[in-house]
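*Asks:* So that we are looking at the same thing, I have put the structure below in structure tokens.
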Amino acid sequence: MAIYDDIYEIAADNYGIVTSAQAKRVGASDKELSRIAKGGRLTRIGYGVYRIKHWVPTEYDAFAEGVALVGPHAYLYGESVIAMHSLAPTNPARVHVASPDRVRKSLPASVEVVRRPDCGDTTEYEGIPSQTIPAAILSCKGTMMRSRLRDAARRARELGLIRAEEEALLVEELDDGD
């Protein structure tokens, strides 16, 4: 019972999610995770990724799940960072996740992986590894309308997520090429 308590503590701090690597650090083998899942206390959501059964869903679950499914060095990317903070309308059917690692495992269609060897523009928002908001806005320059990206920068400043100087630099960069 103590192993499940440790697993529960990890999952409670991580949107109900525990990976096999995290579980190993508290002494739970893959076989033990499988046994707990068969017992109905965990749900396997992907290779080496589980969710505890008694979890109250939050608005950030899909983002945390997408990052966990991609792997240990993954982080939320681009449109998904904008969506997480409700800065602009985006496609809610996709979670964009970047990773410096090559990802070979099978993932749900809702998770879109971007390979980015350089990941110096990362941070954590709500406990989820993410690209910084300014970097996320700029990375969407070719895929989202510039007016929406300018609105996202303005909204991020209004919410206190970026400073006025950062907003001005973003708007200037977004206007380049117009």
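Please treat every number below as a calculation from the coordinates, not as lab data. The structure displayed is predicted, hence computed values, not measured ones. Every residue, glycine among them, receives a Cβ derived from its backbone with ideal geometry; neighbour counts consider all protein chains shown.
*Asks:* May I ask you to list the lysines whose Cα is less than 21 Å away from that of residue 105, ignoring any residue fewer than eight positions away on the same chain?
*Replies:* Correct list for residue 105: 24, 31.
*Asks:* Here's a follow-up. Contour minus end-to-end for residue 158 and residue 110, with contour as 0.36 nm per residue of separation and end-to-end as the Cα-Cα distance?
*Replies:* 14.3 nm
*Asks:* Where does the range 1-48 land on the Kirkwood hydrodynamic radius, alpha-carbon pairs, in angstrom?
*Replies:* Hydrodynamic radius (Kirkwood, Cα only) of the range 1-48 equals 10.5 Å.
*Asks:* Can you figure out the FRET efficiency of residue 118 with residue 172, using R₀ = 25 Å and their beta-carbon distance, to the nearest 0.05? The partial results should precede the final answer.
*Replies:* Values: r = 23 Å, r/R0 = 0.91.
Efficiency, rounded to the nearest 0.05: 0.65.
*Asks:* Separate question: Thinking of the range 88-178 as a set of Cα atoms, what percent of all their pairs are more than 18 Å apart? Walk me through the intermediate numbers first.
*Replies:* Values: 2089 of 4095 pairs.
The answer is 51 percent, as a whole percent.
*Asks:* Here's something else I'd like to know. Find which of 64, 10, 20 sits farthest along the positive direction of the dipole of the chain, computed with +1 on the beta-carbon of Lys and Arg, -1 on that of Asp and Glu, about the Cα centre.
*Replies:* The Cα lying farthest towards the positive end belongs to 20.
*Asks:* What fraction of the DSSP beta bridges in the chain is antiparallel, stated in percent and rounded to the nearest 5? Please list the in-between numbers first.
*Replies:* Details: 13 of 19 bridges.
Here the share of antiparallel DSSP bridges comes out near 70 percent.
*Asks:* Additional query: More than 22 angstrom separation, counting every C-alpha pair in the range 67-141; what % is that?
*Replies:* Numbers: 379 of 2775 pairs.
Roughly 14 percent, once rounded to a whole number.
*Asks:* What FRET efficiency, computed as 1/(1 + (r/R0)^6) with R0 = 41 Å and r the Cβ-Cβ distance, is obtained for residue 86 and residue 31, rounded to the nearest 0.05?
*Replies:* On the way: r = 41 Å, r/R0 = 1.01.
With a Förster radius of 41 Å, E is 0.50.
*Asks:* I would also like to ask the following. Build a GNM of the chain with springs between Cα atoms under 10 Å: which of 58, 90, 43 gets the top mean-square fluctuation?
*Replies:* 58
*Asks:* Which three extents, in angstrom, do the Cα atoms of the chain have along their principal axes, listed largest first?
*Replies:* Principal extents (Cα only, largest first): 59, 31, 26 Å.
*Asks:* For helix 164-175, what angle does its Cα long axis make with the longest principal axis of the chain, in degrees from 0 to 90 and rounded to 10?
*Replies:* Roughly 70 degrees between the two axes.
*Asks:* Next question, about the same structure. Could you list 145, 84 so that the one with the fewest beta carbons within 10 Å of its beta carbon is first and the one with the most is last? Can you show the working numbers first?
*Replies:* Details: 145 11, 84 22.
Lowest to highest Cβ neighbour count: 145, 84.
*Asks:* Ok, one more. What do you get for the angle between helix 2-12 and the principal long axis of the chain? Use alpha-carbon atoms, 0 to 90 degrees, nearest ten.
*Replies:* 10 degrees
*Asks:* For residue 145 and residue 3 in one chain, what is 0.36 nm times their gap in residues minus the Cα-Cα distance, to one decimal in nm? Could you put the intermediate results ahead of the total?
*Replies:* Details: separation 142, 0.36 × 142 = 51.12 nm, distance 4.88 nm.
Here the segment from residue 145 to residue 3 would lengthen by 46.2 nm.
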